[in-house]
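Single-structure report; data block below.
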Amino acid sequence: MDHRLTALRFCIALMFLFCMANSSLADEERKSYIVHMDKSAKPAAFSNHHNWYTSTLSSLSSTDGIAATHLYTYNHVLHGFSAVLSKSQLEQIQSMPGHIATYPETFGHLHTTRTPQFLGLKKNAGLWPAAKFGDDMIIGILDTGIWPESESFKDHGMPPVPERWRGACEIGTIFNTSNCNKKLIGARSFSKGLKQAGLTIGSDDYDSPRDYFGHGSHTSSTAAGSHVVGAEYFGYAKGIATGMAPRARLAMYKVVFSNDTLETAASDTLAGMDQAIEDGVDLMSLSLGFGFDPFFHNPISLGAFAAVEKGIFVACSAANSGPDAYTIMNGAPWITTVGAGTLDRDYAALVTLGKGISTIKGKSVYPENLYISGVPLYYGHGDKNKKYCNSKSLDPKEVTGKIVFCEFNKDSSIAFQRTELNRTGAAGAIITTNSTQSLSPYVFTFPFVAISLSDGEKVKQYFAKTIQPTVDITFQITVLDAKPAPQVAKFSSRGPDIQSPWILKPDIFAPGVDVLAAWSPNDPFTVAKENQLRSDYILLSGTSMSSPHLVGIAALLKSAHRDWSPAAIRSAMMTTADVTDNTNGVILDIATGKPGTPLDYGAGHVNPNKALDPGLIYDIEAEDYINYLCAINYTRREIAAITRRSDCTCEKATLDLNYPSFMVILNNTDATSSTFNRVLTNVVDSKAVYKATVWAPSSMKVSVEPSLLTFEGKYSKAEFSVHVNVDLRGYGMQKSYLGNYGYLSWYEINGKHVVRSPIVSAYALGKSTS
């Protein structure tokens, strides 16, 4: 009996030990984790953080006897490491000094860097395959140079350089002929004018086509960068970077150098454009400007006229002086002037108030994968300086280690508030703003989140109701399919053009906010707390980014339609541009939150696939531009400076260019009328009939004669006239100088084509606004 009892007890003990073993195995299930550590907590005994992390991992105990496995040490994207840990090892890590947060490994899926997808470009349908991805097109970029080692400028799989190319790869400082290839087929620099003016090239820049500043690499890769997998900006916008015309060739003409002013000499710019024409480029893009000089005195308008005469398409940035009217640059009618808009991609951080009381999504591009959990929230309510985080108003003793909430201050920039916070020892900040879209990655050198004014009210309500308010913040969130998009960027310069208000400018707008593209990794782009950070790809905003988008799309169109003139390419893009966003609502102006107008966005947002098949185009020849110059009262000498001709008679002077838009200027009056004559050309291989349809407000009366156009075949033409009567008496004038606007659309009968043009009235510059 005793023997049987002993055996039973032994079996029970075995069963207990087996269950305990299974329980331990379950507890010791191993997973990958990313561990955030406080960089400043590193013990002095360790020479570097990697040694500290690996030593910490080796000291962890485990019931299964399996040591923790180190994966990566992170020096830039975050402070910390990743490792495979058991549950008990994870708990030990979490209890150690210097630990900030740990979260499990997550898995994502490939995403594009967005602008090709946002613009509807697809590998197997539409403009990309029809244009063979821009094959054989040569794009000249005038900018700050190029970083040839970037993956965006690799030539894998590209055919030989076109035989017609006459360019060269210049030898200079840290640059030689071997830096060029079948993608980057030419690179030159122009600095004689700069040097002669006493502006020496900065010690950090290169007296060669090599890019120190990064801007030229960014614009070049946006226009025609090769396919690059794994591009990202410190964890944001991860995906595949591709230029608009990935099979096109690039030629860099460096005309901007780092010096005290980061300026370019007009003589150097003209020399660069002249050389580009000589070398045989098909298109040019210039993301720079020379103020509001008359066309005959502006090097870009001069060079562009010569280029367009030779069939070279020229796109230029509209400038970044918005949202005021009459701030457009590069507005010559032979230049395609490009404004900037947002993408359907945004960058965010999640703010959680307390224990999940409320979660707010704000804007942040803070370049570290920082996780903030249960940190006290500070709000200087009751003190107008503290609540706005004004200069030297915050007491470090009150805010050190806390998240500071700052109210919107119309008299102070977020960059200024950030500087104030950075000196206090605050752990981070939540700042309210009236426009999160306008924030540049440059300002995110301190861990803060920008939230809307309405979300700011939620924070204030939470603070008022809570004795010990706390907050969690999760950074590095990329939001896709953001709505509404596109919107007109606040900084994008607005029309009309000072020198030429009788032509609607900008012509069109394209992506220009938080665009991911190549950069020069030689110099830090941003700072996170005290750490200088470099990157091969960065997010950048400006009309500088929209112009290369447009020129890349123009390269695709020129590749698909070799016989199209620069004016025909522009017409195709303008008459097929979108005037609604991705919610099917009207395109909004970020500056006001209200519907934008053609003075903000021109004909609309570029739609590459529609532009491939526009149905009809408005074409313009060099003589037409000369007649226009005569009509704006340029002298024969001034016209000769632009056209290089001395035989202009001005017998056919007219303001009525065959442009894809209609502009009425109200000069010291609230009512006027204008008549426009236009010629449309059929670019489809078939007979077609079109009917005119007008949408206009009650203050604008529009008649079209004839209202029916018949085209007998490809390249056949048809003339029509448009009479516009504008009467704004009793309506009051808008501060944007806008009078009113409508649209003329030609609908193909029993066909698919719609050819749309804006009709806009605006007050002349100088008339007082209400």
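The values are calculated or read from the model by the stated rules, or taken from the named source; none is laboratory data. Given the structure is predicted, the values throughout are model-derived calculations rather than measurements. Quick reminder, even Gly has a Cβ in these numbers, built from the backbone with ideal geometry, and neighbours come from all protein chains shown. What goes into the accessible areas is simple: the full protein's heavy atoms, side chains included, and nothing from ligands, DNA or RNA. Shrake-Rupley method; radii C 1.70, N 1.55, O 1.52, S 1.80 Å.
THR592 - would you say it is under 16 Å from ALA332 (Cα atoms), among the polar types (S, T, N, Q), assigned to a loop (DSSP other than H, G, I, E, B) and open to solvent by 50 Å² or more (accessible area, probe 1.4 Å)?
Numbers: under 16 Å from ALA332 (Cα atoms): no; among the polar types (S, T, N, Q): yes; assigned to a loop (DSSP other than H, G, I, E, B): yes; open to solvent by 50 Å² or more (accessible area, probe 1.4 Å): yes.
No: the conditions fail for THR592.
Taking the residues in the range 171-200 that are in a loop (DSSP other than H, G, I, E, B) and within 30 Å of the chain's Cα centre (by Cα) as candidates, determine which candidate is surrounded by the fewest Cβ atoms within 10 Å (Cβ to Cβ).
ILE174
With in contact (Cβ under 8 Å) with a residue 12 or more places away in the chain and either open to solvent by less than 10 Å² (accessible area, probe 1.4 Å) or of a type in the set (D, E, K, R) (or both) as the only criterion, which of LEU616, LEU655, LEU612 stands out?
LEU616
When you scan the range 294-411 for strands (runs of 3 or more DSSP E) that lie fully inside it, which ones turn up with 3 or more residues that are open to solvent by 10 Å² or more (accessible area, probe 1.4 Å)?
Fully inside the range 294-411 and qualifying: 345-353, 358-363, 371-379.
Could you list, in sequence order, the residues of the range 658-683 that are farther than 21 Å from ASN298 by Cβ, in contact with a Leu (Cβ under 8 Å, 6 or more places away or on another chain) and open to solvent by less than 50 Å² (accessible area, probe 1.4 Å)?
Selection gives SER661, PHE662, LEU666, ALA671, THR672, LEU680, THR681, ASN682, VAL683.
List every residue pair whose Cβ atoms lie under 8 Å apart, where the two residues are 6 or more positions apart in sequence or sit on different chains, the first residue falls within the range 364-385 and is on the phi > 0 side of the Ramachandran plot, and the second residue, located anywhere, is open to solvent by 10 Å² or more (accessible area, probe 1.4 Å) and at pLDDT 90 or above.
Taking only residues 6 or more apart or on different chains, the pairs are GLY374/THR470; GLY374/ASP472.
For the condition without any contact (Cβ under 8 Å) to a residue 40 or more places away in the chain, open to solvent by 10 Å² or more (accessible area, probe 1.4 Å) and under 16 Å from LEU302 (Cβ atoms), what is the one hit in ARG637, ARG644?
Details: ARG644 fails: without any contact (Cβ under 8 Å) to a residue 40 or more places away in the chain.
Of ARG637, ARG644, the one residue that is without any contact (Cβ under 8 Å) to a residue 40 or more places away in the chain, open to solvent by 10 Å² or more (accessible area, probe 1.4 Å) and under 16 Å from LEU302 (Cβ atoms) is ARG637.
Take VAL281 and decide whether it is over 21 Å from the mean Cα position of the chain (by Cα) and assigned to a loop (DSSP other than H, G, I, E, B).
Here the answer is yes, as VAL281 does meet what is asked.
Kindly indicate whether any position in the range 244-252 is small (Gly, Ala, Ser), closer than 28 Å to LEU533 by Cβ and touching a residue at least 24 places away in the same chain (Cβ under 8 Å). Give the derivation first.
Going through the range 244-252, the residues small (Gly, Ala, Ser) turn out to be 245, 248, 251.
Among the residues that remain, those that are also closer than 28 Å to LEU533 by Cβ are: none.
Within the range 244-252, not a single residue is small (Gly, Ala, Ser), closer than 28 Å to LEU533 by Cβ and touching a residue at least 24 places away in the same chain (Cβ under 8 Å).
Give the range 728-764 a look and list any residue that's farther than 24 Å from THR580 by Cα and open to solvent by less than 50 Å² (accessible area, probe 1.4 Å), or say none.
Residues satisfying the conditions are LEU728, MET733, TYR763, ALA764.
Residue check, PRO148 against (1) modelled with pLDDT under 90; (2) outside any strand (DSSP E or B); (3) farther than 30 Å from ASP563 by Cβ; (4) of a type outside the set (Ser, Thr, Tyr), all met but one. Which one?
(1)
With the condition kept exactly as written, say whether any residue in the range 552-570 is free of Cβ contacts under 8 Å to residues at least 40 places away in the same chain, among the basic types (Lys, Arg) and part of a loop (DSSP other than H, G, I, E, B).
Checked against the condition, which is being free of Cβ contacts under 8 Å to residues at least 40 places away in the same chain, among the basic types (Lys, Arg) and part of a loop (DSSP other than H, G, I, E, B), the range 552-570 yields at least one hit.
For the range 608-654, please list each of the helices (runs of 4 or more DSSP H) lying entirely inside it that holds at least 2 residues being under 22 Å from ALA555 (Cβ atoms).
Output list reads 608-612.
Can you go through LEU90, LEU121, LEU57, LEU142 and tell me which one is closer than 30 Å to ALA554 by Cα, surrounded by 13 or more Cβ atoms within 10 Å (Cβ to Cβ) and modelled with pLDDT of 90 or more? Show your work before the answer.
Working: LEU90 fails: closer than 30 Å to ALA554 by Cα; LEU121 fails: modelled with pLDDT of 90 or more; LEU57 fails: closer than 30 Å to ALA554 by Cα.
Among LEU90, LEU121, LEU57, LEU142, only LEU142 is closer than 30 Å to ALA554 by Cα, surrounded by 13 or more Cβ atoms within 10 Å (Cβ to Cβ) and modelled with pLDDT of 90 or more.
Just one of the numbered conditions (1) touching a Phe, Trp or Tyr at 6+ places or on another chain (Cβ under 7 Å); (2) over 23 Å from LEU516 (Cβ atoms) is not true of LYS183; which one?
Status for LYS183: all satisfied but (2).
Within the range 695-709, which residues are out of contact with any Phe, Trp or Tyr (no Cβ under 7 Å at 6 or more places or on another chain) and either assigned to a loop (DSSP other than H, G, I, E, B) or open to solvent by 40 Å² or more (accessible area, probe 1.4 Å) (or both)?
Residues satisfying the conditions are ALA696, PRO697, SER698, LYS701, SER703, SER707, LEU708.
If I ask for residues that are farther than 16 Å from VAL754 by Cα and either within 34 Å of the chain's Cα centre (by Cα) or not hydroxyl-bearing (Ser, Thr, Tyr) (or both), which ones from the range 660-678 would you list?
Those that are farther than 16 Å from VAL754 by Cα and either within 34 Å of the chain's Cα centre (by Cα) or not hydroxyl-bearing (Ser, Thr, Tyr) (or both): PHE662, MET663, VAL664, ILE665, LEU666, ASN667, ASN668, ASP670, ALA671, PHE676, ASN677, ARG678.
All but one of (1) farther than 30 Å from GLY186 by Cβ; (2) touching a Gly at 6+ places or on another chain (Cβ under 9 Å) hold for SER301, so report the exception by its number.
All conditions are met except number (1).
Just checking, which of ASP481, ASP507, ASP497, ASP472 is over 15 Å from the mean Cα position of the chain (by Cα) and open to solvent by 40 Å² or more (accessible area, probe 1.4 Å)? Before you say what the answer is, go through the steps one by one.
Working: ASP507 fails: open to solvent by 40 Å² or more (accessible area, probe 1.4 Å); ASP497 fails: open to solvent by 40 Å² or more (accessible area, probe 1.4 Å); ASP472 fails: open to solvent by 40 Å² or more (accessible area, probe 1.4 Å).
Step by step, each of ASP481, ASP507, ASP497, ASP472 is checked, and only ASP481 is over 15 Å from the mean Cα position of the chain (by Cα) and open to solvent by 40 Å² or more (accessible area, probe 1.4 Å).
Report whether or not TYR741 is touching a helix residue (DSSP H, G or I) at 6+ places or on another chain (Cβ under 7 Å), in contact (Cβ under 8 Å) with a residue 40 or more places away in the chain, closer than 30 Å to TRP564 by Cα and in a strand (DSSP E or B).
yes
Of MET252, MET244, which residue is open to solvent by less than 10 Å² (accessible area, probe 1.4 Å), in contact with a helix residue (DSSP H, G or I) (Cβ under 7 Å, 6 or more places away or on another chain) and part of a loop (DSSP other than H, G, I, E, B)?
MET244
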